[in-house]
Amino acid sequence: KFAAGILGTGSYVPEKVLTNSDLEKMVDTSDEWITTRTGIKERRIADPSQAASDLGIEAARKALEDAKIAPSEIDMIIVATVTPDMNFPSTACIIQANLGASNAAAFDISVGCSGFIYGLAIAQQFVETGMYNKILVIGAETLSKITNWKDRNTCVLFGDGAGAAVVGRVESGYGILSTYLGADGTGGKHLYIPAGGSRMPASEETVKKNLHTIFMEGQEVFKFAVKVMDSATIEALNRCGLKPEDIDMLIPHQANTRIIEAARKRLKLSDDKVYINLDKYGNTSAASVAIALDEAYRKGLIKKGDIILTVAFGAGLTWGSSVIKW
Ligand code: ACO
């Protein structure tokens, strides 16, 4: 068995900033409510011409540059997204073509906000068995395109962006030490898009009723998130024989500071061991952990040998966590 780790990271967010005060002009909300309930101050919004693949490819290019590898060296591209360019072909195939990664297999995964951690876990398996050497894992989202901009319960939460990592062989003892993935489909009804699939195909009526946007029972998702952040972090640590005090940096899904704060306290971590950027980007779903990981690394907050714990929860409902020795 080979050791699988991260050889390079990259991220990209669109230029346009939408602040809480901008939102005050769009729905009945306030900067005070959004800040105290979520921690979010602003988020990035994709240009009308930008689809998920456009954001993903920017992040991917930076990750390839960081890993110092050429597109032709990539064996597989995995894109985690709930906002694919279209139902098919996959966003991964679109990125494969635009990158010129002609030797890569490519597919998307739909795991909501846990998608990037699921993607890392899939890549880990292929690298550990020796079947593949270099795998590009991308989380890319344009949630602004599936947001109901008249619904104050959801429109204040989300943002657009992409993050990427190249997974490949690393020195023995380093890399992804453990992974824990899970799902509870019975909770799927708390966070979903009703129409546009084979259950309720797009029609004039579904468009009129706004059924192509996110429906969420915020409190149900909140309760689930706090519970699962706790169990998933502990399980990933147990699986590689580590303890909360071994963590150098927690990279959590960036949905809500109150959810992250509950996890931080439970793990007894100091503030500087938890990376938070949701104030700038909001919840970018599958891109969130990937962007946070890239930012923390580029700011020099992650050094060789550090123990990183990533954890996320999302639509499905799903969750995932992994311990990485950098
Ligand atoms: N501005 C002002 N008031 C608001 C807003 C808003 N933007 N949104 C809701 N309210 C009101 C509600 O209508 C409610 O008013 P009422 O008491 O008169 O009915 C009041 O504020 C309280 O609402 P709650 O839903 O109880 O607020 P809560 O403290 O639960 O916070 C929140 C809501 C932020 C959505 C929280 O539940 C949460 O973060 N949940 C998790 C959501 C999440 O992480 N989702 C993403 C999952 S990932 C994925 O896969 C996309």
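I'd like the residue in the stretch 314-326 that is farther than 14 Å from residue 178 by Cβ and part of a strand (DSSP E or B) and, out of all such residues, is nearest to the ligand (Cβ to nearest atom). Can you show your working first?
Looking only at the stretch 314-326, we keep the residues that are farther than 14 Å from residue 178 by Cβ, and these are 314-319, 326.
Within this subset, residues satisfying the condition of being part of a strand (DSSP E or B) are 314, 318-319.
On the way: 314: 3, 318: 8, 319: 11 Å.
Step by step, filter the stretch 314-326, then rank; the result is 314.
Looking at 188, 218, just one residue is surrounded by fewer than 23 Cβ atoms within 10 Å (Cβ to Cβ) and within 10 Å of the ligand (Cβ to nearest atom), and that residue is 218. Only one of 175, 130, 182, 168 is within 16 Å of the ligand (Cβ to nearest atom) and either in contact with a Cys (Cβ under 6 Å, 6 or more places away or on another chain) or touching a residue at least 40 places away in the same chain (Cβ under 8 Å) (or both). Can you tell me which? Answer to the check: 182.
Taking the condition in a helix (DSSP H, G or I) and under 28 Å from residue 217 (Cα atoms), does residue 287 pass?
On the way: in a helix (DSSP H, G or I): yes; under 28 Å from residue 217 (Cα atoms): yes.
Here the answer is yes, as residue 287 does meet what is asked.
Among what's in the stretch 291-313 and is away from the ligand (no atom under 14 Å from the Cβ), of a type in the set (A, V, I, L, M) and under 16 Å from the mean Cα position of the chain (by Cα), pick the residue that is farthest from residue 156 (Cα to Cα). Selected residue: 308.
Working only within the stretch 7-54, note down all residues that are β-branched (Val, Ile, Thr) and not in a loop (DSSP other than H, G, I, E, B).
First, pick out the residues of the stretch 7-54 that are β-branched (Val, Ile, Thr): 9, 13, 17, 19, 27, 29, 34-36, 38, 40, 45.
Selection gives 9, 17, 19, 34, 35, 36, 38, 45.
Selection of the stretch 217-273 for residues being assigned to a loop (DSSP other than H, G, I, E, B), more than 19 Å from residue 318 (Cα to Cα) and touching a residue at least 12 places away in the same chain (Cβ under 8 Å) yields 240, 242, 247, 248, 268, 269. Failed condition for residue 151, given (1) within 19 Å of the chain's Cα centre (by Cα); (2) within 12 Å of the ligand (Cβ to nearest atom), with all others met? Exception for residue 151: condition (1).
Let me confirm something: among 80, 52, which residue is within 18 Å of residue 314 (Cβ to Cβ), at pLDDT 95 or above, touching a Phe, Trp or Tyr at 6+ places or on another chain (Cβ under 6 Å) and within 16 Å of the ligand (Cβ to nearest atom)? Let's see the steps before the verdict.
Details: 52 fails: touching a Phe, Trp or Tyr at 6+ places or on another chain (Cβ under 6 Å).
Result of the check over 80, 52: 80.
Just to check your reading of the model, which residue among 67, 60, 92 is modelled with pLDDT of 95 or more, surrounded by fewer than 24 Cβ atoms within 10 Å (Cβ to Cβ) and more than 16 Å from the ligand (Cβ to nearest atom)? Even if it seems obvious, please write down each step before you answer.
Numbers: 60 fails: surrounded by fewer than 24 Cβ atoms within 10 Å (Cβ to Cβ); 92 fails: surrounded by fewer than 24 Cβ atoms within 10 Å (Cβ to Cβ).
That would be 67, the only listed residue that is modelled with pLDDT of 95 or more, surrounded by fewer than 24 Cβ atoms within 10 Å (Cβ to Cβ) and more than 16 Å from the ligand (Cβ to nearest atom).
Could you please let me know if residue 276 is part of a helix (DSSP H, G or I), of a type outside the set (Lys, Arg), more than 15 Å from residue 183 (Cα to Cα) and within 15 Å of the ligand (Cβ to nearest atom)? Here the answer is no, as residue 276 does not meet what is asked. Of the residues examined, residue 297 is not one that is among the aromatic types (Phe, Trp, Tyr), in contact with a helix residue (DSSP H, G or I) (Cβ under 9 Å, 6 or more places away or on another chain) and within 24 Å of residue 20 (Cβ to Cβ).
Per the listing 217, 171, the residue uniquely charged (D, E, K, R) and over 30 Å from residue 74 (Cα atoms) is 217.
Residue-level check: of (1) more than 16 Å from the ligand (Cβ to nearest atom); (2) within 15 Å of residue 153 (Cα to Cα), residue 31 misses just (1).
The C-beta contact set for the stretch 37-60 (first residue closer than 23 Å to residue 261 by Cβ and of a type in the set (Phe, Trp, Tyr), second residue part of a loop (DSSP other than H, G, I, E, B) and away from the ligand (no atom under 16 Å from the Cβ), distance under 9 angstrom, 6+ apart or interchain) is empty.
Residue check: residue 196 meets all listed conditions (1) surrounded by 16 or more Cβ atoms within 10 Å (Cβ to Cβ); (2) of a type in the set (Gly, Ala, Ser); (3) part of a helix (DSSP H, G or I) but one, namely (3).
The values are calculated or read from the model by the stated rules, or taken from the named source; none is laboratory data. The model shown is predicted, which means the values in this text are computed figures rather than measured ones. Quick reminder, even Gly has a Cβ in these numbers, built from the backbone with ideal geometry, and neighbours come from all protein chains shown.
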